[in-house]
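The values are calculated or read from the model by the stated rules, or taken from the named source; none is laboratory data. Since this is a predicted model, take the numbers as computed values, not measurements. Don't worry about glycine lacking a Cβ; one is built from the backbone with ideal geometry, like all the others, and counts go over all protein chains shown.
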Amino acid sequence: MQTTAEIAEVRRHVRTARAQGARIGCVPTMGALHAGHLSLVERCRSESDYVCVTIFVNPTQFAPHEDLAKYPRPMEDDLRKCRAAGVDLVFIPDVPSLYPDGYQTWVSVEEVTQPLEGAMRPEHFRGVTTVVTKLFNIVQPDVACFGAKDYQQQATIRRMVRDLDLPVEIVVCPTVREPDGLALSSRNVYLSPEERQSALSLSASLQLAADRLATGATDLRGLEQEMIDLMHAQPGVQVQYTVLADPDSLETLTQLQPRMVGLIAAMVGKTRLIDNREFNLPQPTASPSPR
Ligand code: PAF
């Protein structure tokens, strides 16, 4: 496994691999790797011949109050996990090499970044789309893997790649969950045992929505309220949003459609958690045409 902080080195390694016929894969991360990230690496390995993981805690996607300095940076552990996962190249740029003095160029995706996380964290997605574009320009991957856990992030990146004709295939990988349904997140370590129990109500409310939709629920606002009530019944849970939305535009739906997504953000004690689940409603079978 090669490790480098230099943009030119990344380009050199990738050029060599591509010249040997390799399809290049990329997994952008901010480090503190857990099993969710490693599932992205594994998928990327199956989609490509040469995998580059990027580790960069991107300052432009943090608001001033979000405490960028406290973000975990267990670099030795991350490199060990990358090596064990069969990564070929790890790119660990420093801040001045991605944002040199006088930096002033941004990539913004408009509508899909406005609601939900975008409403709560203005500027966040502009930072994400800018850094992901830069990483794509540096690594020039044929394929890049992102987690469905950050649902609005992957929807935004898919929109950006389509809108800007970026020559990279985006693969979205399923959320990795604990056996009891809790979505893996680097923030789960902050939960006390009681809070962890309460946090199960997020995935439980998505399961409730799946069950209700499968048995014919049509009142989407009523269903969102049931999900909220289920979560609020647990100590320490404060829901920030719960919506049933379109999986591409993320617009809140007013009526059922074949593909939908439920999106949740909630505080559990002092820890902010997000979760989501896609719902595919069975298509009505066409009635036989009269003879
Ligand atoms: O999902 C993340 O870890 C980050 O938002 C990403 C995509 C690596 C951009 O900094």
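Selection of the range 141-156 for residues being closer than 18 Å to Arg43 by Cα and in contact (Cβ under 8 Å) with a residue 24 or more places away in the chain yields Pro141, Asp142, Val143, Ala144, Cys145, Phe146, Gly147, Ala148, Lys149, Asp150, Tyr151. A single entry from Ala8, Ala32 fulfils the requirement of being within 22 Å of the chain's Cα centre (by Cα) and within 21 Å of Val131 (Cα to Cα): Ala32.
Take the range 105-120 and flag every residue that is buried (at least 16 other Cβ atoms within 10 Å of the Cβ) and part of a loop (DSSP other than H, G, I, E, B).
Val107, Val109, Pro115, Leu116
His65 meets all of the listed conditions (1) assigned to a helix (DSSP H, G or I); (2) over 16 Å from Val143 (Cα atoms); (3) at pLDDT 95 or above; (4) not small (Gly, Ala, Ser) but one, namely (3).
Using the structure shown, decide if Leu135 is farther than 30 Å from Ala17 by Cβ, in contact (Cβ under 8 Å) with a residue 60 or more places away in the chain and either within 11 Å of the ligand (Cβ to nearest atom) or within 16 Å of the chain's Cα centre (by Cα) (or both).
Taking the combined requirement at face value, the residue does not satisfy it.
Which of the residues that make up the range 71-104 are in a loop (DSSP other than H, G, I, E, B), charged (D, E, K, R) and surrounded by fewer than 19 Cβ atoms within 10 Å (Cβ to Cβ)? Passing the criteria: Arg73, Asp94, Asp101. When you look at Thr105, is it polar (S, T, N, Q) and within 19 Å of the chain's Cα centre (by Cα), yes or no? Taking the combined requirement at face value, the residue does not satisfy it.
Give the range 127-175 a look and list any residue that's among the aliphatic types (A, V, I, L, M), assigned to a helix (DSSP H, G or I) and more than 14 Å from Ser48 (Cβ to Cβ), or say none.
Once the filter is applied, which keeps residues that are among the aliphatic types (A, V, I, L, M), assigned to a helix (DSSP H, G or I) and more than 14 Å from Ser48 (Cβ to Cβ), the range 127-175 yields Val128, Val131, Val132, Leu135, Ile138, Ala155, Ile157, Met160, Val161.
Of the residues in the range 195-203, none is outside any helix (DSSP H, G or I) and touching a Lys or Arg at 6+ places or on another chain (Cβ under 8 Å).
Residues of the range 215-225 include none that is in contact (Cβ under 8 Å) with a residue 24 or more places away in the chain, surrounded by fewer than 16 Cβ atoms within 10 Å (Cβ to Cβ) and not polar (S, T, N, Q).
Here Asp229, Asp275 are screened, and the one residue that is of a type outside the set (S, T, N, Q) and closer than 15 Å to Gln154 by Cα is Asp275.
Which residues, counting only those in the range 40-67, are within 12 Å of the ligand (Cβ to nearest atom), surrounded by fewer than 22 Cβ atoms within 10 Å (Cβ to Cβ) and without any contact (Cβ under 8 Å) to a residue 40 or more places away in the chain? Result: Val57, single match. Is it the case that Val112 is more than 13 Å from the ligand (Cβ to nearest atom) and either modelled with pLDDT of 95 or more or aromatic (Phe, Trp, Tyr) (or both)? In short, yes.
With respect to the conditions (1) away from the ligand (no atom under 12 Å from the Cβ); (2) surrounded by 13 or more Cβ atoms within 10 Å (Cβ to Cβ); (3) among the aliphatic types (A, V, I, L, M); (4) not in a loop (DSSP other than H, G, I, E, B), Ala22 falls short on a single one, namely (4).
The set of residues from the range 92-117 being touching a Phe, Trp or Tyr at 6+ places or on another chain (Cβ under 8 Å) and within 19 Å of Lys134 (Cβ to Cβ) comprises Ile92, Pro93, Leu98, Ser108, Val109, Thr113. The condition of being within 12 Å of the ligand (Cβ to nearest atom) and either modelled with pLDDT under 95 or buried (at least 18 other Cβ atoms within 10 Å of the Cβ) (or both) holds for only one of Gln234, Gln152, that being Gln152. Of all the residues in the range 223-270, those that are in a strand (DSSP E or B) and more than 13 Å from Leu202 (Cα to Cα) number 6.
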